[in-house]
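What follows is calculated from the coordinates using simple rules that are stated; it is not laboratory data. All values reported here derive from a predicted model rather than from experimental measurement. Reconstructed Cβ throughout: ideal geometry from the backbone, glycine too, with neighbour counts over all protein chains shown.
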Amino acid sequence: MKRQHIDKGVQSGFLLVALFSITALSLIMVFLFMEGLPILEHVNIKEFIFGKYWYPTDDPADFGILALIAGSVCVTLLSGLMAIPLGIMTAVYLAEIASPRVAEIVKPIVELMASLPSVVIGFFGMVVVAPFIQKLFNIPVGLNMFNASLMLAFMSIPTICSLSEDAIFSVPRALKEASFALGATHFETIVKVIIPASLSGICTAVILGLSRALGETMVVLMAAGGAAMMPTSIFDPVRPLPASIAAEMAEAPFRSEHYHALFAIGIVLFVFTFIFNLIADYISYKFRQVGEASL
Amino acid sequence: MNKYTELFISIIFLLTVSSTVFAGELVIKGSTTVLPIAQKAAEAYMAEHPDVKISLSGGGSGNGIKAIIDGTANIGNASRFIKQKEVNLAGTKGVYPVPFRIALDAIVPVVNKNNAVTDVTLTQLKDIYLGKIKDWKEVSGTPGKIVVISRDSSSGTFGVWKDLVMKKERVIPSALTVPSNGGIVQAVANTPGAIGYVGLGYLSDGIKAVKVDGIAGSEESTLNGSFPISRGLFMFTKGWPTGDIMGFLSFILSKKGQDLVKEAGSIPLF
Amino acid sequence: MKKHRLWAQKVFFLSFKTAACLNGAALLLILYFMVSRGWRAISWDFLTQSPKDSMTAGGILPCIVGTTSLCLMTLMVALPIGVCSAVYLNEYARQGTLVRIIRLGINNLAGVPSIVFGLFGLAFFCIVLKMGVSIAAGGLTLGIMTLPVIIGASEEALKAVPNTYREASFAMGATKWQTIKKVVLPAAFPGIITGSILGLSRAAGETAPIMYTGAVFFTPDLPGSILDEVMALPYHIYVLATAGTNIEATRHLQYGTALVLILLVFGMNLAAIILRSKMRKKLRI
C-alpha cells in the first residue's frame with residue numbers, strides 16, 4: 001500500500017520535471033515579449049517590420065528591420081541551395097549506396113561536422129574564405145552574403161543529412177524489394193520509390209536544417225559583413241537578424257528603445273524558427289510512416 | 001623575460017607608495033577605444049597590487065556609462081563625454097557620475113596601404129560616408145569602388161565620427177560594420193578599395209592614414225587642436241572614487257600611467 | 001535500354017558519392033587550416049598561463065577553466081532535468097495530448113536560435129534573478145539550450161533497455177519506481193552518459209548564449225565562485241578575431257585557441273562515439 005503511494009508521488013515528480021521544457025519555452029517567450037513589445041510605443045508593427053532603415057542610435061532613431069529580414073532570408077535560402085542537395089545526396093549515399101564499412105567511416109565525419117563550433121566556422125570564413133573569394137571573384141569585399149551562406153551550408157548539411165538518412169532508413173524493406181522485383185534498377189528504386197516514401201522525413205530534415213541556418217549567429221556575425229542594406233547581389237554584405245542582436249546588444253543601454261528593439265528582433269527570429277519547427281513537427285506527425293500501407 | 005615584465009617589475013620597485021590594502025575586485029566596462037589603455041593599466045596595476053582583481057569588458061561607451069549608473073561596474077570607459085540624457089537618467093537613480101579625462105585621441109581616416117589617395121577634405125569624407133562619392137577617382141585616386149567601412153552604431157568612435165564628420169547625417173546602409181577599431185584595421189588591410197576610421201593608436205602596417213584638410217592626425221596636431229577629428233577619452237565612476245578605484249585612476253593619471261597611455265597608442269594628457 | 005539505365009545509375013551514384021566526399025573534404029580543409037596554423041601556438045605555457053600584454057601574448061588558461069566551469073554548470077542543470085524528463089516520457093507517459101505538448105515543447109526548445117537563448121539569459125538570469133554576468137547565468141542558459149539533446153539521448157538509451165528487464169523486475173514484485181531505479185536506469189546509464197557528452201560538447205562550443213550572460217573580454221584571474229564572470233574559449237576566439245587590439249599580430253593565438261576548442265569538442269565527441277559503438281557491440285551479444 002505504502003509503496004504504491006510512493007510510486008504515485010514519484011510519477012508526479014517526474015511529470016513535474018518533464019514539464020520543465022515547456023516552462024522554459026514559455027519563460028523564453030514571456031521574457032522576449034516583455035522586453036521586446038515596449039518598442040511598439042515608439043514605432044508601430046508595420047514600420048518595424050517593413051521599415052527600410054535601421055538607425056537605432058540616431059536621434060530620432062529609425063527601427064526598420066526589413067533590410068535585416070531580407071539579409072536573413074537571402075542568406076538562409078542561398079545556404080539551402082547548397083546544403084539541401086548535398087545533404088540529401090549524402091544521406092542517400094549513406095543509407096543506400098555505401099557499403100556498411102564505408103558508412104561506418106562517413107557517419108562519424110558528418111557527426112564531427114555537426115560538432116564543429118560555430119565560432120570556428122565563422123572564424124574560418126572570416127580569415128580564410130573571405131580573402132580567397134575576394135581574389136577569386138575579383139569583388140570589393142570577401143565578407144558578404146555568399147561567404148556567410150557557404151559557411152551556413154556547412155553547418156546545416158549535418159542536420160539535413162542525418163535526419164534524411166533516418167527517414168530513408170525507415171522505408172520498409174518490402175517496398176524496395178517490390179521495386180526490384182518489377183525490374184527497376186537500384187537508382188530507379190531510389191528515385192521513384194525510396195525518396196517518395198521518405199519525403200515527409202526529408203522535408204522535416206530540410207526545414208530543420210534551414211531553421212538552424214536562420215538562427216545561427218556567430219557565422220553571420222563574423223562572415224556576412226554587417227551592412228544593413230537590401231542585398232542586390234550575392235556578393236553584397238548583409239546584416240542578418242541574429243548578427244544585429246549579437247553585435248548591438250552589448251552596446252544598447254539597458255531598457256532603452258534600442259534594447260527593446262533588439263528583443264523585438266529576437267521575437268521575430270523566434271517566431272520564424274517556431275513556425276519552421278511547427279511545420280516540421282506537423283509534417284512528421286501527419287505523414288509518419290505507419291506500416292507499409294502509407295504510400 | 002620580455003620588456004613588459006621588466007617594466008612591471010621596475011614599476012614595483014620605483015613606486016614606494018603602497019596603496020591601501022583592500023583585497024578588492026574592480027570591474028571595468030565600456031568603450032573599446034579605451035580598452036587597450038585600461039588593459040595595459042590593469043595589468044600594470046595588478047602586478048603592483050597582487051590582491052586586486054580587475055576584470056575588463058568592452059561593450060561601448062554607452063554601456064560603460066550605463067554600467068556605472070546601474071552599479072554593475074566600478075569604472076565605465078567612454079570615448080565621448082556623458083550625454084544629457086544619461087545625466088538625467090543618473091539623476092533619477094540618485095547617482096552622480098564623475099568623469100576623469102585620462103587621454104586624448106584622434107580619429108584618423110584610413111585606407112589600404114596600396115591606395116594612392118593621401119589627402120581628403122572633411123566634406124569629401126562626409127560625402128563618401130553618405131554614399132555620394134562612390135569611386136576613388138572622384139577624390140583623385142585610381143578608379144575603383146569605394147568600400148565604406150564603419151563601426152557599429154552604438155560605439156563611441158562612431159558617435160564622434162557622426163558628430164564631427166557626418167554632422168549628424170546618416171552613414172549609408174551599405175557600409176560594412178565591424179565591432180572594433182582592430183576590426184577596421186583588419187578589414188581595411190585586407191580590402192584594396194576600403195576606407196575606414198580608427199583611433200590614432202590603431203595605425204599599423206597594412207593601412208595608411210589619410211590627411212584631413214591637409215593635416216595629418218598625430219599627437220601634436222591633436223594637442224594643438226588643428227586636427228579636426230579628435231576627442232577626449234574618459235573613465236567614469238559612481239560618485240567620487242575611493243579605495244582601489246581611486247588608486248587605479250590615480251595610477252592612470254600618474255606619469256607611469258600616461259606612459260602606458262602612449263604605449264597603448266593614444267595621446268597622453270601630459 | 002538496360003545498358004543505358006545502368007549507365008545512368010552509375011553516373012548518379014558517382015555524383016552521390018562525390019557529394020559525400022565533398023563534405024569530408026570541407027571538414028578536412030577547415031581542420032587543415034586550423035591545425036597547420038594553430039599547432040605552433042600550442043605549448044605548455046599556452047595552456048597554463050594567463051593572457052599578457054593586452055592579450056597579444058601569454059596563454060589561455062582562464063578561458064579553458066572558464067569553459068570547463070560553464071560546462072560543469074550546464075551539466076548540473078541539464079542532466080538531472082533531462083534524465084527525469086526522459087524517464088517520464090519513456091516509462092510513465094501514455095500517448096496523449098499532454099505528452100504531445102511536452103514533445104512539442106522539447107522540439108521547439110531545440111529549435112530556438114542560440115542568440116535568443118542569450119537574450120533570455122540576459123533578461124532572466126542576469127537581470128531578474130540578479131546573477132549578473134556569471135558562471136551561474138551562463139551555465140543555466142547553456143543548460144536550457146542543451147536540455148533537448150540530453151532528453152533525446154536519454155530517451156533513446158531508455159528505449160534500448162529490453163522490455164524483458166522491466167517484466168522480470170515486475171515479476172519479482174517490484175514497483176515501477178523500484179524497477180526504474182534499480183533496473184532501467186543502470187542499464188541505460190552508458191547511453192545517457194554518451195548523449196550527455198554530446199550535448200555538453202555542443203554547449204562548450206557555443207558563443208552566442210554566453211556573450212551577455214557568462215563570458216567577458218578579459219579577466220586574468222580564475223573564477224572563485226559561481227557568481228564570477230569568466231573568459232571562455234569560443235568567446236575568446238571571437239574577441240581576438242574581431243575586437244582585439246592588434247588582430248593580425250594575434251593570428252597565431254586565434255588559431256591556437258580555435259585548435260584547443262576543436263580538440264576539446266572533438267575529444268568529447270570521439271569519446272562518445274567510441275563509447276556508443278562499444279555499447280552497441282555489447283547489446284548485440
Distribution output for the protein assembly as shown: share of Cα-Cα pairs per 10 Å bin in percent, first bin at 0, values 2, 12, 22, 24, 19, 11, 6, 3, 1, 0
Spelling it out for residue B:104: with amide H atoms placed in the peptide plane at 1.01 Å from N, the residues 5 or more places away or on another chain with amide H under 5 Å from its amide H are B:233, B:267, B:269
Once Lys and Arg are counted +1 and Asp and Glu -1 for all other residues with Cβ under 11 Å from that of residue B:204, the total becomes 0
Partner shielding of C:266-278, taken as the mean number of other chain Cβ atoms within 10 Å, equals 2
Each label sits 7 Å from Cα toward the beta-carbon; between residue C:159 and residue C:22 the label points are separated, in nm, by 3.1 nm
The simple spin-label model distance between residue C:65 and residue C:168, using points 7 Å out along Cα→Cβ, in nm, is 4.8 nm
1/(1 + (r/R0)^6) with r = Cβ-Cβ of residue C:48 and residue C:76, R0 = 30 Å, i.e. FRET efficiency to nearest 0.05, evaluates to 0.70
By the mean-Cβ-within-10 Å protection proxy, highest first, A:147-155, C:129-137 rank as A:147-155, C:129-137
The correct pair for chain C, radius of gyration to one decimal and Dmax as a whole number, both in Å and from Cα atoms, is 22.9, 75
Computed about the Cα centre, the charge dipole of region A:50-286 from +1 Lys/Arg and -1 Asp/Glu charges at the Cβ has a magnitude in debye, to the nearest 20, of 500 debye
For chain A, longest principal axis from Cα atoms; helix A:145-169 axis from its Cα atoms; angle between them, nearest 10 degrees, is 30 degrees
Which of A:137, A:272, A:33 fluctuates most in a GNM of chain A (C-alpha springs under 10 Å)? That residue is A:137
Note to self: C-alpha centroids of region A:145-188 and region A:213-230 sit apart, in Å, by 29 Å
Residues other than residue A:206 with Cβ under 15 Å of its Cβ, Lys/Arg counted +1 and Asp/Glu -1, net out at -2
Farthest towards the positive end of the dipole of the protein assembly as shown, among C:191, A:144, C:60 and with Cβ unit charges of +1 on Lys and Arg and -1 on Asp and Glu, lies the Cα of C:191
Rounded to whole angstroms and listed largest first, the alpha-carbon spread of chain A along its three principal axes comes to 73, 72, 32
If one builds a Gaussian network model of chain A from Cα atoms under 10 Å apart, the most fluctuating residue listed among A:19, A:81, A:32 is A:19
At R0 = 51 Å the Cβ-Cβ FRET efficiency linking residue A:62 and residue B:223, nearest 0.05, sits at 0.85
Neighbours of residue C:108 by Cβ distance under 15 Å: Lys/Arg at +1, Asp/Glu at -1, summed charge +2
Largest fluctuation, C:182, C:17, C:159 only, Gaussian network model of chain C with Cα springs under 10 angstrom, belongs to C:17
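Quick one: putting +1 on the C-beta of Lys and Arg, -1 on the C-beta of Asp and Glu, what dipole do you get for region C:168-267 around its Cα centre, in Debye to the nearest 20?
Here the size comes out at about 660 debye.
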Here the percent of antiparallel bridges among DSSP beta bridges lying wholly in the protein assembly as shown, to the nearest 5, is 60 percent
So, relative contact order of chain A in percent, Cα under 8 Å, 6 or more apart, is 26 percent
log10 I(q)/I(0) for region A:2-41, Debye formula on C-alpha points only (no solvent), q = 0.15, 0.21 Å⁻¹, two decimals, reads -0.53, -0.68
Between residue C:94 and residue B:172, the FRET efficiency computed from the C-beta separation at R0 = 56 Å comes out, to the nearest 0.05, as 0.40
Share of Cα-Cα pairs in region B:124-270 beyond 26 Å, whole percent, is 32 percent
Here the whole-number average of other chain Cβ atoms within 10 Å per Cβ of C:6-13 is 4
Mean per-residue count of partner chain Cβ within 10 Å for C:206-217 equals 5
Per principal axis, largest first, the Cα atoms of region C:97-140 extend in Å by 38, 19, 15
For chain A, longest principal axis from Cα atoms; helix A:2-18 axis from its Cα atoms; angle between them, nearest 10 degrees, is 50 degrees
Site residue A:232, offset 7 angstrom along Cα→Cβ, radius 20 Å on amide nitrogen, limited to region B:112-140, gives B:127-139
Of the convex hull drawn through the C-alpha atoms of region A:191-268, the volume per residue in Å³ is 129 Å³
Quick calc: nm separation of the 7 Å Cα→Cβ label points for residue B:113 and residue A:2 -> 8.3 nm
With bins of 10 Å, the percent of all Cα-Cα pairs of chain B per bin from 0 is 7, 29, 32, 21, 10, 2, 0
Protection proxy (average C-beta count within 10 Å per residue), highest first, orders A:185-194, B:136-145 as A:185-194, B:136-145
Of the candidates B:109, C:22, C:8, the farthest towards the positive dipole end of the protein assembly as shown (Lys/Arg Cβ +1, Asp/Glu Cβ -1, centred on the Cα centre) is C:8
If every Lys and Arg gets +1 and every Asp and Glu gets -1 at its Cβ, then about the Cα centre chain B yields a dipole, in debye to the nearest 20, of 780 debye
With the label point 7 Å along the Cα-to-beta-carbon line of residue A:185 and a cut-off under 17 Å to each amide N, the hits in region A:63-107 are A:93, A:96-98
Given the candidates C:216, C:164, C:250, the one whose Cα lies deepest towards the positive end of the charge dipole of region C:60-284, counting +1 at each Lys or Arg C-beta and -1 at each Asp or Glu C-beta, is C:164
Taking 0.36 nm per residue of separation between residue C:277 and residue C:4 and subtracting their Cα-Cα distance, the length gained on full extension comes to 94.2 nm
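When ranked by the protection proxy of mean other Cβ atoms within 10 Å per residue, highest first, what sequence do the peptides C:64-70, A:10-16, A:223-229 form? Intermediate results must be reported in sequence, preceding the final value.
On the way: C:64-70: 23.1, A:10-16: 16.4, A:223-229: 28.3.
Result, highest mean first: A:223-229, C:64-70, A:10-16.
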Phi-derived 3J(HN,Hα) across region B:90-107 with the Karplus relation (6.51, -1.76, 1.60, θ = phi - 60°), rounded Hz, x for Gly and Pro, is 4, x, 5, 9, x, 9, 10, x, 10, x, 10, 7, 10, 6, 10, 8, 10, 9
For region B:35-46, in residue order, the Karplus 3J(HN,Hα) values (coefficients 6.51, -1.76, 1.60; θ = phi - 60°; whole Hz; Gly and Pro = x) are 3, x, 5, 4, 5, 4, 5, 5, 4, 5, 5, 6
Cα-Cα longer than 22 Å, checked against A:135/B:145; B:83/B:162; B:85/B:168; B:83/B:168; B:113/B:168, kept in input order, equals B:113/B:168
